[in-house]
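Working notes, beginning with the structure itself.
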Amino acid sequence: MLVSGKEVLQHAHKNGYAVGAFNVNNMEIVQAIVQAAEETNSPVILQASQGGLKYAGVEYIAKMAQIAAYNTKVPVVIHLDHGTDFVQIMQCIRHGFTSVMIDGSKHPLDENIRLTNKIIELAHAVGVSVEAELGKIGGTEDDITVADRDATFTDVEEADRFVRETGVDSLAIAIGTAHGLYKGEPKLDFDRLKALKERLNIPLVLHGSSGVPEESIKKAVSLGVNKINIDTDIRMAFSNAVKEVVRNKPNEYDPRKLLDPAREAMKNIIIEKMIMFGSAGRA
Ligand code: G3H
Ligand code: 13P
Ligand code: ZN
Ligand code: NA
C-alpha cells in the first residue's frame, strides 16, 4: 500500500524504531526490497537518488515503485533522495512520489531554511512529506578529523531554529556517517544525537548507513533515529552475487540467471537490516 513519508516516520518516531530507506535503480532492486518488507512484515521506503533518476528515468522509477506498492499490504513510501533541484522535485511529486528530500545542506542556514520552506509549501499542499538536511554528511573519500567534527556535524542550536522556522517532517543529521564505504570504523557522536532528539522531537534520518556496525545502528535507533538510508550494502550484495555466478558459470549468458541470485542476495541483506532497525513486525 502506498503511503506518505509522514505517516510511516511519525509511527516510527512515536514507537522508537527506524524504517529502512533503500535506494532503487532497477526492477530487481525494487522487488528485493518489497519482498524483504513482506517477509518481515515491515514498512519500507523506496528512494531514488540523483544517479538512480539519471539511470532509469523518473517515469520508470515511479511506475516500478508504484506497482510494488499497490501490490503489497505493507506500507511503502516512494521518496526522492537528496533532491536539490526545484523542477526535479516537482516532477517527482507529479509522478506520484509520496515524500521528497530537499538537501540544502551546502547552503548557509538562512538559504537552507528559505529553500526548504519553498518546497514544504508546495509538497504539503498535496500531502507529500519533506525531509531536509543540516550539517555535512561525509563523502566516500572524506577523512574527518576531530577538529572537523564541530564544524561539519549538525549544530543543535541551528537545528532547533531550522525546525522551528520550517516545520519540516524529518531531518537528516550529520553525526559521523559518510556515504559509501568506510576506510575504518565510523565513530558516531551519540551525545549530539541524543541532544538533537531531545531538542527537536521529530523523526531523524541517518544517511550513509551502509558499513555502520550493528551496535552503532541499534544505539542510534534507541536514541531517536527513525529513517536509515542504505545504498552501498545493496550494491555490494548485488555485484558480489553477479560476480559469483560469472566465476562459477563463465559461459552463462541469460540475464535472468545472472540477476536472480543477485535479487535473492539483496533481499537477504535487506531482511537483516529490517530486523536490526526494528521495523520488522511493524507493518
Ligand atoms: O545518496 C547517495 C546514494 O547513495 C548514491 O547516489 O545513485 O547518485 O550514485 P547515486
Ligand atoms: P550508503 O551508500 O553509505 O548506504 O548511504 C546511502 C545514503 O545515505 C543515500 O542517501
Ligand atoms: Zn544520503
Ligand atoms: Na556508508
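The values are calculated or read from the model by the stated rules, or taken from the named source; none is laboratory data. Everything numeric here is computed off the predicted structure, so don't read it as measured data. Every residue, glycine as well, gets a Cβ built from its backbone with ideal geometry; the counts of neighbours run over all protein chains shown.
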* Residues being among the hydroxyl-bearing types (Ser, Thr, Tyr) and not in a loop (DSSP other than H, G, I, E, B): count how many of those fall in the range 231-258. => 2
* Can you tell which of 163, 168 is in a loop (DSSP other than H, G, I, E, B), more than 28 Å from residue 236 (Cα to Cα) and at pLDDT 95 or above? -> 168
* Asked: Does any residue in the range 39-56 that is near ligand 1 (Cβ under 9 Å from one of its atoms) come within less than 6 Å, Cβ to Cβ, of a residue that is among the acidic types (Asp, Glu) six or more places away or on a different chain, and which pairs are these?
  -> 47/81; 49/81
* Asked: Before we move on, is residue 219 free of Cβ contacts under 8 Å to residues at least 12 places away in the same chain, at negative phi and of a type in the set (Lys, Arg)?
  -> no
* Scan the range 98-116 residue by residue and report those that are assigned to a strand (DSSP E or B), β-branched (Val, Ile, Thr) and within 19 Å of residue 136 (Cβ to Cβ). => 102
* Does residue 174 count as out of contact with any strand residue (DSSP E or B) (no Cβ under 7 Å at 6 or more places or on another chain), under 22 Å from residue 221 (Cβ atoms) and hydrophobic (A, V, I, L, M, F, W, C)? -> yes
* Specify the residue that is nearest to ligand 1 (Cβ to nearest atom); the eligible residues are those in the range 199-209 that are part of a loop (DSSP other than H, G, I, E, B) and either in contact with a Phe, Trp or Tyr (Cβ under 6 Å, 6 or more places away or on another chain) or farther than 14 Å from residue 176 by Cβ (or both). => 203
* To do: Could you run through the range 185-216 and say how many residues are buried (at least 21 other Cβ atoms within 10 Å of the Cβ) and either under 17 Å from the mean Cα position of the chain (by Cα) or within 11 Å of ligand 4 (Cβ to nearest atom) (or both)?
  => 9
* Which residues, taken from the range 162-185, are in contact (Cβ under 8 Å) with a residue 40 or more places away in the chain, over 18 Å from residue 117 (Cβ atoms) and within 14 Å of ligand 1 (Cβ to nearest atom)? -> 174, 177, 178, 179, 180, 181
* Give the range 25-52 a look and list any residue that's over 16 Å from residue 73 (Cα atoms) and within 14 Å of ligand 3 (Cβ to nearest atom), or say none. => 47, 48, 49, 50, 51, 52
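Table: residues versus (1) among the small types (Gly, Ala, Ser); (2) in contact with a His (Cβ under 7 Å, 6 or more places away or on another chain).
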| position | (1), (2) |
| --- | --- |
| 113 | no, no |
| 123 | yes, no |
| 128 | no, no |
| 132 | yes, no |
| 150 | no, no |
| 164 | no, no |
| 188 | no, no |
| 208 | yes, yes |
* Scope the range 1-34; condition closer than 16 Å to residue 273 by Cα, touching an Asp or Glu at 6+ places or on another chain (Cβ under 9 Å) and in a helix (DSSP H, G or I); matching residues -> 32
* **Complete set of residues in the range 48-57 that are in a helix (DSSP H, G or I), within 16 Å of the chain's Cα centre (by Cα) and away from ligand 4 (no atom under 16 Å from the Cβ)** => 50, 52, 53
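Residues are listed down the side, and each one gets a yes or a no for (1) over 13 Å from the mean Cα position of the chain (by Cα); (2) at pLDDT below 95; (3) assigned to a helix (DSSP H, G or I):
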site	(1), (2), (3)
42	yes, no, no
46	no, no, no
59	yes, no, yes
62	yes, no, yes
66	yes, no, yes
72	yes, no, no
82	no, no, no
91	yes, no, yes
96	yes, no, no
* Odd one out for residue 188 among (1) free of Cβ contacts under 8 Å to residues at least 40 places away in the same chain; (2) part of a helix (DSSP H, G or I); (3) within 16 Å of ligand 3 (Cβ to nearest atom) -> (2)
* For residue 196, which of the numbered conditions (1) within 16 Å of ligand 1 (Cβ to nearest atom); (2) in contact with a strand residue (DSSP E or B) (Cβ under 8 Å, 6 or more places away or on another chain) fails to hold? -> (1)
